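Before any comments, here is the structure.
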Amino acid sequence: MIEGVKIKQLRFIPDERGRLMEILRDDEDMFEKFGQVYLTTTYPQVIKAWHFHKLQDDHFVCIKGMVKLVLFDSRKDSPTEGEINEFFIGEHNLQLIRVPKLVYHGWKCISETEAWVLNIPTMHYNYDNPDEYRLPWNTDKIPYDWSIRMG
């Protein structure tokens, strides 16, 4: 596992009115601070990758559909430098994934319907000076193949 990545298994709490799912609480060790909460969607088979942040951590949960979330540790001082992690998250595997700053990340929608991804970053988005450092999804600087592997 990439140094600094944390996973929280999520669960629905049902009652006769419906269901509730706690995602992130301020009394958990995974919580650092609140920046904002936003929802982004991805159409089937679309890849949104790659980028990292210098100042913020992200907390991703896919609440509708499924995505393959991929992380790449390019940090020179990290004990997990060069490591890749894959997480298949969404309505069939409810997990919250904490992505530490300086770790490249991206995802591919692997469901037949649009995926809804909720992010709870530790900082709000700065429109004048965004904390985003990007590479194209098919860069040769990250050794990852987004195609489906069978078997």
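Any read-out appearing in this document is the output of simple, stated calculations on the displayed coordinates, not a laboratory observation. The structure displayed is predicted, hence computed values, not measured ones. No Cβ is skipped: glycine too gets one built from the backbone with ideal geometry, and neighbour counts run over all protein chains shown.
Convex hull volume of the C-alpha atoms in the chain, normalised per residue: 139 Å³.
Computed from backbone phi, the HN-Hα couplings of region 16-33 come to 5, 9, x, 9, 10, 9, 6, 10, 8, 10, 6, 9, 9, 5, 6, 7, 10, 6 Hz, rounded to whole numbers (Karplus: 6.51 cos²θ - 1.76 cosθ + 1.60, θ = phi - 60°; Gly and Pro given as x).
Quick one: Cα centre-to-centre distance for region 22-90 and region 122-151, in angstrom? Between the Cα centres of region 22-90 and region 122-151 lies a distance of 10 Å.
Annotation for Asp77 and Asp131: the two label points, set 7 Å from Cα along the Cα-Cβ direction, are 1.7 nm apart. At an R0 of 22 angstrom, the distance between the Cβ atoms of Leu39 and Ile7 translates into a FRET efficiency of 0.60.
Residues considered: Val46, Val117, Val99. Largest GNM mean-square fluctuation over the chain, using C-alpha springs under 10 Å, is found at Val46.
Between Phe72, Phe34, Phe87, the Gaussian network model of the chain with springs among Cα atoms under 10 angstrom shows the greatest mean-square fluctuation at Phe34. Put in order of Cβ neighbour count within 10 Å, fewest first, the listed residues Arg75, Arg134 become Arg134, Arg75. Each Lys and Arg Cβ is given +1 and each Asp and Glu Cβ -1; about its Cα centre, the chain then shows a dipole of about 260 debye. Compared with the direct C-alpha span, the chain from Ile84 to Leu20 gains 19.8 nm at full extension, assuming 0.36 nm per residue. Taking Glu83, Glu32, Glu16 in turn, the Gaussian network model of the chain (Cα-Cα springs below 10 Å) assigns the largest fluctuation to Glu16. Glu112 sits among other residues whose Cβ lies under 15 Å from its own Cβ, and their net charge, with Lys and Arg +1 and Asp and Glu -1, is +1.
By the count of other C-beta atoms within 10 Å, a proxy for reagent exposure, Ile23, Ile142, Ile13 are ordered fewest to most as Ile13, Ile23, Ile142.
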